[in-house]
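A short write-up of the structure that comes next.
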Amino acid sequence: NFRSVVYLLSKDLSDPIMHCLMRNNTKHLLNWSKHLSRQCTSKAIISEPKEKLLYNDMLQRRQQQATRSIVVQVQSEKSFPELYNYCASFGKILSAHHYRIHQDDDQHYILLEFGSAEEASAAISSSAYNDELSGVPAHSPFLWFRATSSKRTLKAADQTTEAKLAVIGGTTMLDNNDLNDVLCEASNLDQQIFHLHQKTQLNDLGVRLRFLAALQVKQAVSGIFPNANAQPFGSSVNGFGRMGCDLDLILRFDREIVGAAAMQKRNNESRLVFHTKENLTNGRSQTQRQMESLGDMLHLFLPGVCHVRRILQARVPIIKYHHEHLNLEVDLSMSNLTGFYMSELLYMFGEFDERVRPLTFCIRRWAQTCGLTNPSPGRWISNFSLTCLVIFFLQQMKQPILPTINALMKSASPDDIRLTEDGINCSFGRDFERISFRSRNTAKSSELLLQFFEFYSQFDFHNRAISLNEGRSISKPDHSALYIVNPLEQVLNVSKNVSLEECERLRIEVRNAAWVLESEVENPSQPDNGTQSPWGILHLFKTNEKAVIRPHMFFKPRMVEVSDLFDDSTTDTPPTSVDYKNANVKREVESIKSQARGDLKQMRINTSSAAAAAAAEANATIIKTAKGRRGR
């Protein structure tokens with residue numbers, strides 16, 4: 001690699017061995033350069049720098065978009081012309097998006113965005129309740145389009161419309177085989193990484209539906225809490241979410257999640273103060289009771305909400321439920337402000353440089369295929385921890401691509417001050433112009449991918465911890481296998497759950513991935529003219545199991561099982577012979593067994609002697625008593 005060439009340049013090239021090594025490494029770099037610039041007829045991807053949108057501005061735009069939208073269940077996408085002609089009477093329809101949910105039978109839905117919130121409200125207000133069902137008549141943006149008489153249907157069908165669906169089947173995820181075909185058709189590694197991100201990221205319709213789910217919860221509690229706010233956070237809004245990801249929601253009753261300092265300053269000037277229901281218990285218990293009642297409301301009254309589960313004893317109490325009209329899993333919390341601000345921080349990192357998100361998506365895909373990550377919680381590394389690894393790698397480079405969190409905190413203005421109820425400081429600069437960070441690193445995404453694997457294959461996970469706040473490794477505070485400092489709660493380790501074996505697997509898998517990419521350079525697999533064979537990053541996602549190193553190769557197996565040291569007297573089956581790999585161990589085991597048998601034999605003898613003595617003493621006592629009675 002490049003570091004090897006720099007090292008060799010400092011040596012004496014008159015030495016024939018050094019001269020040979022220099023020639024081989026130069027050839028290696030030339031192969032890598034040729035591989036990145038594969039000859040193709042298609043044009044290279046030219047991405048113009050886009051305007052960086054502030055996180056709060058993005059949230060406000062999406063929330064306003066949700067207030068202008070409704071979701072209507074239809075028979076199929078062919079019902080759109082009739083639905084459009086009917087709903088156009090309430091106002092101007094800006095866009096329409098179709099999606100389907102695969103259950104016992106396909107259910108079709110169309111999202112309509114009106115020109116204003118008043119027009120969408122007019123469509124909702126004109127809706128009727130279903131008299132055929134005995135359910136609770138709830139007011140919500142989730143509707144269904146019922147059939148009407150044939151004459152009216154024909155009349156509506158005769159009306160011509162130029163409107164078209166923006167997308168059909170918008171929530172359908174791309175099949176793995178189709179995705180592989182797309183990646184095979186790319187012209188170089190950078191295009192592969194770009195297409196992987198474009199085809200698997202959460203699309204516009206997915207974001208729209210998630211903000212509609214948040215709007216439904218907000219409207220449900222707005223009667224008693226007019227200032228309530230339900231906002232998505234996590235992968236749904238930070239730009240790192242993929243198709244089908246869960247929705248994380250935070251609900252606040254009478255406090256703005258953003259701009260709390262300005263709101264508090266404005267309210268402190270008023271002489272009129274609300275009467276407040278006093279909490280008779282501690283804050284956590286009160287939150288748990290509130291969420292228990294909120295779970296009942298969601299389950300009983302909100303259309304589409306089902307399978308409500310309350311997880312109130314967790315560190316952050318949450319309510320999990322499924323939304324059947326959106327095919328969406330939702331996690332609702334009321335006190336996870338650090339998670340909300342962490343989403344803002346990740347969003348900013350993704351906006352700083354356009355290479356961050358595609359690189360992260362590629363590494364997450366690689367980790368999924370080689371089994372490093374797992375959908376269920378456990379000892380595995382999480383996607384959030386992987387994202388932190390990518391960010392740290394991009395921070396510590398000689399020409400950093402991302403700034404440190406400490407640098408963001410130093411650029412914070414008074415309007416950027418954020419403090420949670422627990423006193424956690426979440427203040428950092430939010431204005432990109434004020435931060436004024438510019439990266440001079442011009443490396444391609446494919447080069448960064450290889451450097452990522454090389455960097456962590458040599459990282460000292462045993463002694464060093466990863467700090468995104470400082471952008472450098474620090475001494476590990478405890479004996480956790482993998483230590484990544486929580487950017488906002490710096491006393492916590494976001495990867496505390498990762499076991500020692502999984503950390504070793506991570507180090508081995510990044511080394512394997514580096515070997516795969518380098519072998520792709522030395523022996524590039526050119527696809528045939530007639531067929532598209534896998535190449536490039538697809539080799540990362542299709543690892544040869546026989547060629548990789550697995551962790552069990554580094555962990556010594558037990559020479560003998562502990563259970564084999566003892567005879568199982570409860571079964572009649574003869575004991576199986578133990579094959580000892582070490583003669584000394586066999587002798588020690590036999591000695592232990594012999595000593596144990598001797599001790600057991602001595603215990604039986606002692607027990608028998610004691611029992612006989614006790615019996616003799618008892619008999620003597622009985623005889624003596626009997627003689628005394630006869631004498632009297």
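The values are calculated or read from the model by the stated rules, or taken from the named source; none is laboratory data. The structure presented is a predicted model; accordingly, all values stated were derived computationally and were not measured. No Cβ is skipped: glycine too gets one built from the backbone with ideal geometry, and neighbour counts run over all protein chains shown. Side chains included, ligands, DNA and RNA excluded: accessible areas come from the protein's heavy atoms. Shrake-Rupley method; radii C 1.70, N 1.55, O 1.52, S 1.80 Å.
Among the residues of segment 422-429, is any charged (D, E, K, R), under 30 Å from Glu509 (Cα atoms) and either open to solvent by less than 30 Å² (accessible area, probe 1.4 Å) or out of contact with any Phe, Trp or Tyr (no Cβ under 9 Å at 6 or more places or on another chain) (or both)? Within segment 422-429, none of the residues are charged (D, E, K, R), under 30 Å from Glu509 (Cα atoms) and either open to solvent by less than 30 Å² (accessible area, probe 1.4 Å) or out of contact with any Phe, Trp or Tyr (no Cβ under 9 Å at 6 or more places or on another chain) (or both). Within segment 222-252, count every residue that is surrounded by fewer than 17 Cβ atoms within 10 Å (Cβ to Cβ) and free of Cβ contacts under 8 Å to residues at least 60 places away in the same chain. Selection size over segment 222-252: 6. Quick one: would you say Ile435 is among the hydrophobic types (A, V, I, L, M, F, W, C) and over 28 Å from Ile537 (Cα atoms)? Yes: the conditions hold for Ile435.
Would you mind stating whether Val330 is crowded, with 21+ Cβ neighbours inside 10 Å, of a type outside the set (D, E, K, R) and closer than 29 Å to Phe145 by Cβ? Against the criterion (crowded, with 21+ Cβ neighbours inside 10 Å, of a type outside the set (D, E, K, R) and closer than 29 Å to Phe145 by Cβ), Val330 qualifies. Cβ-Cβ distances below 9 Å connect the following pairs, each with a first residue in segment 487-498 that is outside any loop (DSSP other than H, G, I, E, B), a second residue that is surrounded by 21 or more Cβ atoms within 10 Å (Cβ to Cβ), and a separation of six or more residues or different chains: Asn493/Leu482; Asn493/Tyr483; Asn493/Ile484; Asn493/Val485.
Let's see how each residue does on (1) at pLDDT below 95; (2) part of a loop (DSSP other than H, G, I, E, B):
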{"site": "Gly423", "(1), (2)": "yes, yes"}
{"site": "Ser427", "(1), (2)": "yes, yes"}
{"site": "Arg434", "(1), (2)": "yes, no"}
{"site": "Glu447", "(1), (2)": "yes, no"}
{"site": "His462", "(1), (2)": "yes, yes"}
{"site": "Asn469", "(1), (2)": "no, yes"}
{"site": "Glu501", "(1), (2)": "yes, no"}
{"site": "Trp515", "(1), (2)": "yes, no"}
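For Asn529, the test of being modelled with pLDDT of 90 or more and not aliphatic (A, V, I, L, M) is failed.
Got a sec? Which strands (runs of 3 or more DSSP E) wholly within segment 286-402 have at least 1 residues that are in contact with a strand residue (DSSP E or B) (Cβ under 9 Å, 6 or more places away or on another chain), over 30 Å from Asp106 (Cβ atoms) and among the polar types (S, T, N, Q)? Steps first, answer last, please.
Values: elements: 305-311, 318-323, 328-333.
Correct list: 328-333.
Please count how many residues of segment 205-221 are open to solvent by 20 Å² or more (accessible area, probe 1.4 Å) and either small (Gly, Ala, Ser) or without any contact (Cβ under 8 Å) to a residue 40 or more places away in the chain (or both). Counting residues in segment 205-221 that are open to solvent by 20 Å² or more (accessible area, probe 1.4 Å) and either small (Gly, Ala, Ser) or without any contact (Cβ under 8 Å) to a residue 40 or more places away in the chain (or both) gives 2. What's the number of the condition Glu256 fails, among (1) modelled with pLDDT of 95 or more; (2) charged (D, E, K, R); (3) open to solvent by 30 Å² or more (accessible area, probe 1.4 Å)? Status for Glu256: all satisfied but (1).
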